[in-house]
Number of protein chains: 2
Amino acid sequence: MSAITTTAAALDTRQRLLASTSELIEGGSYGSVSVQAICEHAEVNKGSFYYYFPSKQDLVLAMIDSAWEETVADVLEPVLTASTPIQDRILRLYECMYDDQRTHKRTFGKATGCTFGSLAAETSTLDEPIRARLSIVFEEWVGHLDRALRQAVKDKELNSSLDPKATAWVLLAGLEGLLLLSKTADDPAILRKSGQQLVHMVLDPVEL
Amino acid sequence: MSAITTTAAALDTRQRLLASTSELIEGGSYGSVSVQAICEHAEVNKGSFYYYFPSKQDLVLAMIDSAWEETVADVLEPVLTASTPIQDRILRLYECMYDDQRTHKRTFGKATGCTFGSLAAETSTLDEPIRARLSIVFEEWVGHLDRALRQAVKDKELNSSLDPKATAWVLLAGLEGLLLLSKTADDPAILRKSGQQLVHMVLDPVEL
């Protein structure tokens, strides 16, 4: 086996472990998913698991990093830096999350909510490294929103009295809260309907 | 032992089990708390536990009912039906939740978030009876907000263009989202600062 093939196989094993963890936690919880179940789902033996990750905690930290990179690259960057009005961009962000919930409901039979939010709600009082990592994820998320809002104020798309950072926290809280309420009701429509309402209430366009 | 004393003792045992469950889940999670740990914390033997509750699930359902009754009686009813302006009442509701988080942080050393929200995030894809019960809790919560907003529109405190039900979902989502973000950051100040911002953005008082 050449060095390149070894690396590709290793990457594949690691990626399979990350993907299985994400899928199993989404359909269950951190506590309900065992290393054994992850290995079976990923078709990886336990020896290989412990070669890549010393513990379930380490695997979940790597899964958070991987899911966050994907969220930034696939959703936040393209949606928030598009050349459309700021209100449309924020609505699009909420819409992407709604589409995601609809897909999950079709695939798993349930609205699964936000992986970061669900993990944070379950583990923040139990697991300090996971709490700290998720806290950074949410701060970075606020950073992405803040930059887009700040630019929109500069471009006179939004009123100069708007506080971009505080508004970014409100928009993220609204999104996480609606994802949680949709998961609890098993109904993504809550996110869609109330999300539009929230964005319109928070981001009044400047009267021209 | 008289019948009255027996009943009082039984009530006490049941109440101790409910209080211990609430406290242990708040400081941990549904999955991390065993029947054994609850019995030890409540100083109740396992035989008595199973006399009152057939399973951990039944105990948690009873705990949700009890915590919800308490939230309605101690917070929602008095705060939302007070004879102060609607914006002040909603701000007071957010402030009560903030005070609660500060107390938890002082008592347990951590911001513990919302018991209903944390349980919902962890169990909704795993436990259908608990998900269904929490879904009713959130619907009733929206009902309390909706009635207060509806009356405020009627009293011309809020603009007649405001949709009370949709606004109620937005206010609950904002509260649950901020409780989650505060728990993750272990910082109740997020709820305080962004909560005030959100309420002001959502509930613009009618221009007179």
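The values are calculated or read from the model by the stated rules, or taken from the named source; none is laboratory data. These figures come from a predicted structure and were not determined experimentally. Positions of Cβ are generated from backbone atoms using ideal geometry, with glycine treated the same way; all protein chains shown enter the neighbour counts. When the accessible area is computed, the model is the full protein with side chains, heavy atoms only, and any ligands, DNA or RNA have been set aside. Shrake-Rupley method; radii C 1.70, N 1.55, O 1.52, S 1.80 Å.
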Open item on the list: If I filter region A:150-167 for residues that are crowded, with 22+ Cβ neighbours inside 10 Å, more than 10 Å from chain B (Cβ to nearest Cβ) and over 30 Å from A:G27 (Cα atoms), do I get at least one hit?
Closed with: yes
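Here is a yes/no grid of residues against (1) under 30 Å from A:H200 (Cβ atoms); (2) of a type in the set (D, E, K, R); (3) under 22 Å from the mean Cα position of the chain (by Cα):
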site: A:G28; (1), (2), (3): no, no, yes
site: A:P54; (1), (2), (3): no, no, no
site: A:A62; (1), (2), (3): no, no, yes
site: A:W68; (1), (2), (3): yes, no, yes
site: A:R92; (1), (2), (3): yes, yes, yes
Task: Of all residues in region A:197-208 being touching a residue at least 24 places away in the same chain (Cβ under 8 Å) and within 16 Å of B:L172 (Cβ to Cβ), the one that is surrounded by the fewest Cβ atoms within 10 Å (Cβ to Cβ) - done: A:V202
TODO: Considering (1) of a type outside the set (A, V, I, L, M, F, W, C); (2) under 17 Å from B:C96 (Cα atoms); (3) touching a residue at least 24 places away in the same chain (Cβ under 8 Å), say which one B:G177 fails and leave the rest.
DONE: (3)
TODO: Just give me the residues in region A:168-195 being within 19 Å of the chain's Cα centre (by Cα), surrounded by fewer than 21 Cβ atoms within 10 Å (Cβ to Cβ) and either in a helix (DSSP H, G or I) or more than 9 Å from chain B (Cβ to nearest Cβ) (or both), in sequence order.
DONE: A:A189, A:R192
TODO: Within region A:83-140, work out how many residues are of a type in the set (V, I, T) and within 9 Å of chain B (Cβ to nearest Cβ).
DONE: 4
Open item on the list: I'd like to verify a number: residues in region A:127-142 that are touching a residue at least 24 places away in the same chain (Cβ under 8 Å) and open to solvent by less than 80 Å² (accessible area, probe 1.4 Å), how many?
Closed with: 9
Task: Residue check for A:R147: among the charged types (D, E, K, R) and within 18 Å of the chain's Cα centre (by Cα) - done: no
Open item on the list: If a residue must be closer than 24 Å to A:T123 by Cα and part of a helix (DSSP H, G or I), how many such residues does region A:47-75 contain?
Closed with: 20
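For B:G117, indicate whether it is at positive phi and open to solvent by less than 50 Å² (accessible area, probe 1.4 Å).
Details: at positive phi: no; open to solvent by less than 50 Å² (accessible area, probe 1.4 Å): yes.
No, not satisfied.
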